[in-house]
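The values are calculated or read from the model by the stated rules, or taken from the named source; none is laboratory data. Every value quoted in this text rests on a predicted model; they were computed, and no experiment measured them. Here Cβ is always computed from backbone atoms with ideal geometry, including for glycine, and neighbour counts include all displayed protein chains. Ligands, DNA and RNA are stripped out before the accessible areas are found, and what is left, the full protein with its side chains, is counted by its heavy atoms. Shrake-Rupley method; radii C 1.70, N 1.55, O 1.52, S 1.80 Å.
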Amino acid sequence: MRTVLLFLFLLSSSMVARAQGYSIIDSRAIKMYQEGEELTLSRQYEEAIEKYQSAIKREASFVEAYVKLAQLQLTQGDLDGAEKTLISGQSKLANPKATLKHRADIGWVLTNVYLKQGRYKEAYSKFLETDPLLEESFRKHVSYKEMADRMGFLKDHLERNWVIEKEKLEQPLNEFQLQYFPVLTANGEQILFTKRDGAGTNHKEDIYMSFMGLDGGWTKPQSIAETINSPYNEGTCSITADGNVLIYTSCDAPDSEGSCDLYIAYKLNGRWQRPRNMGKNVNSRSWDSQPSLSADGKILFFSSNRKGGFGGNDIWYSVLQNDGTWSVAKNLGNVVNTPKDEISPFMFFNNEILFFSSNGHPGFGGMDIHLSRVVDGEFSEPENLGLPINDQHDQVALFITAQKDYAYFTELTSVEQGQDRSLLYRFKFPEDIYLGENLTVTEGKVLNSKTGEPVDASLSLVSLTNDSTLYQFGSDGKTGEFMMLYPNKAISGLYVEKKGYLPKIYNVERDNIKNVKDLKVELVPVAAGEEFVFENVFFEFDEYSLKSESISSLKRLVRFLTENPNVNILISGHTDNVGSASYNQTLSLQRAKSVQQFLISAGFHEGRALVEGKGDKEPMVPNTSPQNQALNRRITIKIL
């Protein structure tokens, strides 16, 4: 990279300042300068620096030597030295032989120094001062166009600084030399990260985890599982919101398709099962890494340098199919991907905002964090997260919690003996960066109502307005525990289902099950005489025609009868106490018949779904309030 930068600086300098002759006449100083140029071309940079310094020592007004010395100091990372050299060079511009081109040379390199130092206002000011001095031929060069674009970006962003305070995660976290790429479950109570004991080739990567204790602190990190960590390298992982599906990177494993591949593992009954390579639909013969799994585990995003992309590293994605396989990976497209590098995707918990790191979109330095919002099914133009989240350094990855309160990241620091340490940090995420509707988390257990034993059920959160599944998770077969995310949708239903049991249906808003820590869901085994409330079936006021929002529950009733071919049901309609008893009796029967008719249209014989109207005879609760009356207006399903 330094060689490339050096080439660009030398090229820029030659195009900016093609003076006839030099700013001095001392032949010995000029010879030292020319020897420095030859040493630079042969990549003997330290020797070249000494030659330029000697030329300046002999002739203090040698402007060209200041420029070349500063360029080398800049590419060697000596930013303070480069700045000092250029400031000294500026003071020599009063030399009668110094030209506007010399002034342009110093201004151009000093602009680059300020950018590398993160002194953006000074860089912008110096560029405005230098720009009128540049030759038209240089303005056509790509390095000028990139600089002009960057200055346009800075103009728009310099006044929009977020106020953030970094917090290093407290012990016992950060106990290793290197820990990086942190991710958390939706409830924020488990953190996973990549751990490495050193930067040597003999130091391998492993996935470690820690849990939030009752006191609010983290437990001592431990290996995620013997089934996952191996003698090879495992790291850069992603986990579903409920912590039951893990996708991670493993490099140089015997069954890998390329240098680094993606692997998937499932947690069953509290234990991580043996992982498997995700196969050729996802992996390639190239580098495939840095996975991000959508909260419900349906879409996988990752970075790869495989053929068919737009640049070096691109972001790709694969979709989980109904048969449990993953689709052939596709490139995310040129709205997100550029001719340069895009890495470290992170799909936020609402499945609507993708974060990633890029040096191909307008930014402040090397790799900057951007976000792209999903609008009408398409990714929108990326937005830079701004200062000081991004700065002159590389920002490789960012993880934002489901609650939108904290962003977690890794920071590289140097310690004694030249060893690097990477530590885990967090900061309060700016509220003014809109991340969509608020998300809440519900936790609980699914149990057998008769025995109290755990049930490994499927939990689906469905938008009732369009019958789309927002999230789908499962309860643990060993403990019955589950976790569910809830966005602030207008109407949503939670369906808890397991073959051999009656479904449990909630209306999320009416039943107030958001942000509950211990929701107890009891599933009733299928048996004659058992009954359940058929929630989320809606009718127009004083009518019996089904509203479109009922389709989610109706489809699940169809599936229930299909899975239980020997089961017949009784559909009962109920009303509140508004109106006469005879009118309510008729209305409740007609509503039950509407449900029956849907089943008949789905192919079931009417004998499998009998109907009755109960009117207001069997209220669930007293009709003493509008809320209670709403509960009493219902459909129930009884097993015959």
task = Would you check if there is a residue in the range 39-47 being modelled with pLDDT under 95, open to solvent by less than 50 Å² (accessible area, probe 1.4 Å) and polar (S, T, N, Q)?
result = no
inquiry  = Restricting to the range 214-254, and then to whatever is of a type in the set (D, E, K, R) and open to solvent by 10 Å² or more (accessible area, probe 1.4 Å), can you tell me which residue is nearest to Val282 (Cα to Cα)?
reply    = Asp252
note = Counting only residues in the range 184-207 that are outside any loop (DSSP other than H, G, I, E, B) and open to solvent by 30 Å² or more (accessible area, probe 1.4 Å), the one nearest to Ile224 (Cα to Cα) is identified as Glu205
task = Scan the range 132-146 residue by residue and report those that are more than 37 Å from the chain's Cα centre (by Cα) and touching a residue at least 24 places away in the same chain (Cβ under 8 Å).
result = Leu133, Leu134, Glu135, Ser137, Phe138
request  = Among the numbered conditions (1) in contact with a helix residue (DSSP H, G or I) (Cβ under 9 Å, 6 or more places away or on another chain); (2) open to solvent by less than 10 Å² (accessible area, probe 1.4 Å); (3) among the hydroxyl-bearing types (Ser, Thr, Tyr); (4) over 20 Å from Tyr506 (Cβ atoms), tell me where Ser588 comes up short.
outcome  = (1)
task = Taking Phe482 as the residue in question, decide whether it is touching a residue at least 12 places away in the same chain (Cβ under 8 Å) and over 25 Å from Pro345 (Cβ atoms).
result = yes
ask   = Asn305: at pLDDT 95 or above and under 20 Å from Asp368 (Cβ atoms), yes or no?
value = yes
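Residue-wise test of (1) open to solvent by 80 Å² or more (accessible area, probe 1.4 Å); (2) of a type in the set (Lys, Arg); (3) more than 26 Å from Asn448 (Cβ to Cβ).
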{"residue": "Glu509", "(1), (2), (3)": "no, no, yes"}
{"residue": "Lys514", "(1), (2), (3)": "no, yes, no"}
{"residue": "Phe534", "(1), (2), (3)": "no, no, no"}
{"residue": "Phe541", "(1), (2), (3)": "yes, no, yes"}
note = If we keep only residues of the range 247-304 that are acidic (Asp, Glu) and on the phi < 0 side of the Ramachandran plot, then the residue farthest from the chain's Cα centre (by Cα) is Asp255
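Okay, residues lined up against (1) open to solvent by less than 30 Å² (accessible area, probe 1.4 Å); (2) in contact with a strand residue (DSSP E or B) (Cβ under 7 Å, 6 or more places away or on another chain); (3) not aliphatic (A, V, I, L, M):
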| residue | (1), (2), (3) |
| --- | --- |
| Gly258 | yes, yes, yes |
| Leu268 | no, no, no |
| Asn281 | no, yes, yes |
| Lys298 | no, yes, yes |
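Here is a yes/no grid of residues against (1) open to solvent by 20 Å² or more (accessible area, probe 1.4 Å); (2) touching a residue at least 60 places away in the same chain (Cβ under 8 Å); (3) of a type in the set (Gly, Ala, Ser); (4) part of a strand (DSSP E or B):
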position: Gly366; (1), (2), (3), (4): yes, no, yes, no
position: Ser372; (1), (2), (3), (4): no, no, yes, yes
position: Glu381; (1), (2), (3), (4): yes, no, no, no
position: Asp394; (1), (2), (3), (4): yes, no, no, no
position: Gln403; (1), (2), (3), (4): yes, yes, no, no
position: Ala407; (1), (2), (3), (4): no, no, yes, yes
position: Thr410; (1), (2), (3), (4): yes, yes, no, yes
position: Thr413; (1), (2), (3), (4): yes, no, no, yes
note = Selection from the range 113-131 of residues among the hydrophobic types (A, V, I, L, M, F, W, C) and either within 32 Å of the chain's Cα centre (by Cα) or over 12 Å from Arg150 (Cα atoms) (or both) yields Val113, Leu115, Ala123, Leu128
Every residue from the range 611-627 that is over 18 Å from Ala581 (Cβ atoms) and either open to solvent by less than 80 Å² (accessible area, probe 1.4 Å) or in contact with a Lys or Arg (Cβ under 8 Å, 6 or more places away or on another chain) (or both) = Val611, Val621, Ser625
remark   = Listed by first then second residue, the pairs whose first member lies in the range 611-624 and is more than 11 Å from Gln585 (Cα to Cα), whose partner is among the basic types (Lys, Arg) and open to solvent by less than 50 Å² (accessible area, probe 1.4 Å), with beta carbons under 9 Å and at least 6 positions apart or on separate chains, are Met620/Arg634
key: Filter result (within 28 Å of Gly200 (Cβ to Cβ), open to solvent by 40 Å² or more (accessible area, probe 1.4 Å) and assigned to a strand (DSSP E or B)) within the range 415-437   = Asp420, Arg421
remark   = In the range 438-448, anything open to solvent by 40 Å² or more (accessible area, probe 1.4 Å) and either among the β-branched types (Val, Ile, Thr) or under 10 Å from Val521 (Cα atoms) (or both) is listed as Lys445
The one condition in (1) charged (D, E, K, R); (2) more than 32 Å from the chain's Cα centre (by Cα); (3) over 24 Å from Ala29 (Cβ atoms) that Asp78 fails to fulfil = (3)
key: Cβ pairs under 9 Å, 6+ apart, first in the range 542-558 and within 15 Å of Gln597 (Cβ to Cβ) and among the basic types (Lys, Arg), second assigned to a strand (DSSP E or B) and open to solvent by less than 70 Å² (accessible area, probe 1.4 Å)   = Lys547/Phe539
query = Pick from Ile30, Ile24: which is open to solvent by less than 50 Å² (accessible area, probe 1.4 Å), modelled with pLDDT of 95 or more and either over 13 Å from Asn112 (Cα atoms) or hydroxyl-bearing (Ser, Thr, Tyr) (or both)?
reply = Ile30
key: Options Gly333, Gly365, Gly324; residue that is farther than 17 Å from Glu381 by Cβ and either in contact with a His (Cβ under 9 Å, 6 or more places away or on another chain) or at pLDDT 95 or above (or both)   = Gly365
